[in-house]
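Everything below concerns the one structure shown next.
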Amino acid sequence: SYSDRSIQNYAEKKSLYDDQKNLNLVTVSDHSRRLINHSILSKFPVTTIYNAVDTRVFRPVPAAVELRGSTIVGCAARHWDRRKGLEDVIALRDQLDNTFRILVVGLTRKQIQNLPSGILGMPAITSREEMAALYSSMDVFFNPSREETFGLTTIEAMACGVPVVLYDVSANREVQPDIAQCGIVELGDYESVAKAIRALSACRDGAFEAALIKHVSTKFSQETFARQYYELYKKVIA
């Protein structure tokens, strides 16, 4: 715009919110809830209810990709930019030997053409069943995102029994189970990312996969999601 109305807009929005008598807010992570506490909405009650994943779809299924003799490190996003960490994925390639192959899902045609050797690119997948088969192809999932309000791809991967490596930013620590704390690394520490990937791929077994699946089904299932909203509605009505 040609004129700065941000001060007036802020005042108008604050006035409108201040008139609400029974406004309850829901965020998808405690990270987002803490941000609200620093906003004009801070006077209202806030509840964290995590997003849910359909565990009937996202579960271990036959792999869509098989690379004999290779450990597959998977990454997925609806679109890739600097915030999502495509540059980090490319930098990670130099930290892993040739027994590791990186599979990146959700790239544009141009991004796929510009990938270095050792990284396989795929366009975005709209089918949840196909995506579950791709997750099931991965030995480790790496989410290089620098900002996450929740991180749905991370949960989907764990629901398929795949251990995950995440940056210690935003809401990532909330979704990571205690059984795999070695999967949390400092932002941009590619050497530690590679070390965590090697460790998780080496220790992955049936019990580890079962623990990941249980973590998702307990904390991020559709049943848990619906129950928490039901309890919130009862509380609001009362």
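Structure above, values below:
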{"item": "Within a Gaussian network of the chain (alpha carbon springs, distance under 10 Å), most fluctuating of SER15, SER32, SER192", "result": "SER15"}
{"item": "Segments 99-107, 61-69, 158-166 sorted - mean Cβ within 10 Å per residue, highest first", "result": "158-166, 99-107, 61-69"}
{"item": "Dipole of the chain [Lys/Arg +1, Asp/Glu -1 at C-beta], most positive-end residue of LEU152, GLN95, ILE36", "result": "ILE36"}
{"item": "Of LYS214, LYS13, LYS84, the one that fluctuates the most in a GNM where the chain has Cα springs shorter than 10 Å", "result": "LYS13"}
{"item": "Within the chain: Cβ-based charge dipole about Cα centre, in debye rounded to nearest 20 (Lys, Arg +1; Asp, Glu -1)", "result": "540"}
{"item": "Charge dipole (the range 1-134, unit charges on Cβ, about Cα centre) - positive-most of LEU86, TYR10, ALA132", "result": "TYR10"}
{"item": "Computed Rg/Rh of the range 147-217, alpha carbon atoms with Kirkwood Rh", "result": "0.94"}
{"item": "HIS215, HIS79, ranked by accessible area, largest first (probe 1.4 Å)", "result": "HIS79, HIS215"}
{"item": "Ratio Rg/Rh [Cα only; Rh per Kirkwood] for the range 94-214", "result": "0.94"}
{"item": "TYR230 accessible area, 1.4 Å probe, all protein chains in place, Å² to nearest 10", "result": "140"}
{"item": "Sites ASP205 and VAL169, calculated FRET efficiency, Cβ-Cβ separation with R0 22 Å, nearest 0.05", "result": "0.15"}
{"item": "Gyration tensor (alpha-carbon) shape descriptor, the range 47-156, a/c threshold 1.5", "result": "oblate"}
{"item": "Pairs of alpha carbons in the chain whose separation is greater than 32 Å (percent)", "result": "29"}
{"item": "Amide H contacts of VAL164 (H built 1.01 Å from N, under 5 Å, at least 5 apart or other chain)", "result": "PHE141"}
{"item": "Part-to-part distance (alpha-carbon centres) for the range 171-238 and the range 1-68, which is given in Å", "result": "19"}
{"item": "Potential extension, ARG5-THR108 segment - 0.36 nm per residue separation minus Cα distance", "result": "33.4 nm"}
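The values are calculated or read from the model by the stated rules, or taken from the named source; none is laboratory data. Keep in mind it's a predicted model, so treat the numbers as computed, not measured. Heads up, the Cβs are rebuilt from the backbone with ideal geometry, glycines too, and the neighbour counts pull from every protein chain shown. Heads up: the accessible areas ignore ligands, DNA and RNA and are worked out on the full protein's heavy atoms, side chains in. Shrake-Rupley method; radii C 1.70, N 1.55, O 1.52, S 1.80 Å.
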